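We did not get these values from a lab; they are worked out from the coordinates using the rules stated. A quick note: this is a predicted structure, and the numbers were derived from the prediction, not measured. Virtual Cβ from ideal backbone geometry, glycine too; neighbours counted across all protein chains shown.
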Amino acid sequence: MTNKLGIGIITYNRKSILSLTIENIRKFTNSDFEFVIADDGSSDGTIEYLNNSGIKYITGVNKGISWNRNRALWYLKNEKNCENIIILEDDCSPNEFGWEKQWIEAIENFGHINYMPEGSIENDNDISSGSGTPNDPFIAPMHQALCVGYSSRALDFVGYLDIRFKKYGEEHVEHTHRFLRAGYGGLIQHLRPERGQLYYLRGGLSISHSESHGNNDLISYNKDIHEQIKNDPIYRSPWRNDSQMFEFRNEIEKTKNIPYPEYDFQNNQYDRFISLGGNENFGRTINSVFHTNEKSIFDEILVPFHSLVDFFNCGFNKLLSTESLYKYHNTLRCKETLVIYNKSPMNEAQSQEIIENIIESKENYNKMILNMDNICESDQKILFIREWNDGLFYEGMHRPKNTMVANFKLLADAISNKYPNLDYKILFLNFGDAILNDHRMIFSNTDCADNCDETTKISSISHIMESLNIKVMYHDSANSNLEQPAC
């Protein structure tokens, strides 16, 4: 059976050239294939064009060629299970029908193959042998990434481009050297590895004129990086730390078609909001979004999702279980509920002092609970807001796919049972691909990392409120019917 083919294009701010390349791939490709565009944070209307065209794409903030090529490679290899992968730059497009056939053959022969443009054939004297075909490829030391073929098998051993390279320069050269070291796509030269001999194909493609996004300073920087890492282990992941891994996963997950329910945007006006917490900064952040200073008990404590459900079910009678309080790292936590009460660094003596003076804290918390009861037992319409990041268990972009997901219905049922006459919705922020068709719930994700700076987070949440047409109106005796905009 023929191995599955995947074709990807990497692009950045070249919408007009990209559209021509896409058109030519569709026009000249004679095989079934998976297709994806990896966009490196374009600002020239590329995303709008792709959305209008119904073309699958992966995008994120501008990270440079290494990160962006990894987007396409990962998606085609791991999400679509393609055995043969061809990645084109946006200014390289097919011009012959069935162009991909020789690429498939060469990928299966060598595991890694590059494209040699006609101009390079004419002007470069480094081609030592070959005719540029799958069975007799050119052999030359040049490194070009206009079009590159990869076998899934070779990627298993070599991995992805190293993201220590910034923007443009050397990233493909270093990646190719690792293929040679692993025995794919050419002939390694041990005395001068930078002159390793690569296999190239000719024909079937043409190059459009385009403006480079690189500069000499970046190239010089990346050459230094290449020199520093050239003897590192062959295999590289598309990330260097946990935060980058979650960000990368989030970009990939956004390519999935999630069947979001139809929200009633015209009925998204509320009298108040109540924060149900998330991380230690969420209360302050959401108050900044709505330009107010609403106090919630969940701004004072960190509550895991399951404990949040229990609190509404039991009337908060487990709050501040003094026999279960203990010092946890630099904070104070309850063994029974896992609630973190004091989030600032403290020593043993300070934590003991807090426990001994717990009556004062109980009075404060009980006042906030009573205030919430008064609000929720009135005729006001309430928007509860809960963010994913339960004490920053994960760093990066929202709840990763296949991690443990909260039981959203349990929380909605608990709130409905406690306040049976309450008109409310719960906005769940940054729970990744989680979704539930329930009129009591709204799901949305910010377009920034969970661990971004507060200004960025406020701007991103404000954009969500605007896009969902969420407005909060405050009915205070001093200022009745005062609308608080979300941005």
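A few notes on this one:
- On Cα atoms only, tilt of 454-467 relative to the major axis of the chain in degrees: 90
- For the listed peptides 131-140, 146-155, a ranking on the average number of other beta carbons within 10 Å per residue, highest first, reads 146-155, 131-140.
- The ellipsoid that matches the Cα gyration tensor of the chain has semi-axes, each √(5λ) in whole angstrom, of 54, 25, 18, with the longest given first.
- Here the chain is assigned +1 on the Cβ of each Lys and Arg and -1 on the Cβ of each Asp and Glu. Its dipole about the Cα centre then comes out at about 720 debye.
- Listed by chain and number, the aspartates and glutamates whose C-alpha is less than 14 Å from the C-alpha of residue 295, apart from same-chain residues fewer than 8 away, are 280, 373.
- Whichever aspartates and glutamates have a C-alpha closer than 19 Å to that of residue 254, once near sequence neighbours (fewer than 8 apart) are set aside: 34, 39, 40, 48, 79, 242, 262, 387, 395, 433, 447, 450
- Mean Cα-pair separation over length for region 1-65, i.e. relative contact order, pairs under 8 Å, 6 or more apart, %: 38
- Inter-label distance for residue 473 and residue 78, nm, one decimal - labels placed 7 Å from Cα along Cα-to-Cβ: 4.8
- Spatially, region 273-309 and region 320-361 are offset by 19 Å when compared through their Cα centroids.
- Using only alpha-carbon positions in region 1-76, the gyration tensor eigenvalues give semi-axes of 21, 16, 9 Å once each is multiplied by 5 and square-rooted (largest first).
- Among the listed pairs 80/167; 15/77; 343/418; 381/418; 318/418, those with a Cα-Cα distance over 18 Å are 80/167; 15/77; 343/418.
- Remark: relative contact order (the chain) = 13 percent; criterion is Cα-Cα distance under 8 angstrom and separation of 6 or more residues.
- Against the chain, whose longest principal axis comes from its Cα atoms, helix 242-253 is set at around 80 degrees.
- Computed from Cα positions, the angle between helix 216-229 and the longest principal axis of the chain comes to roughly 90 degrees.
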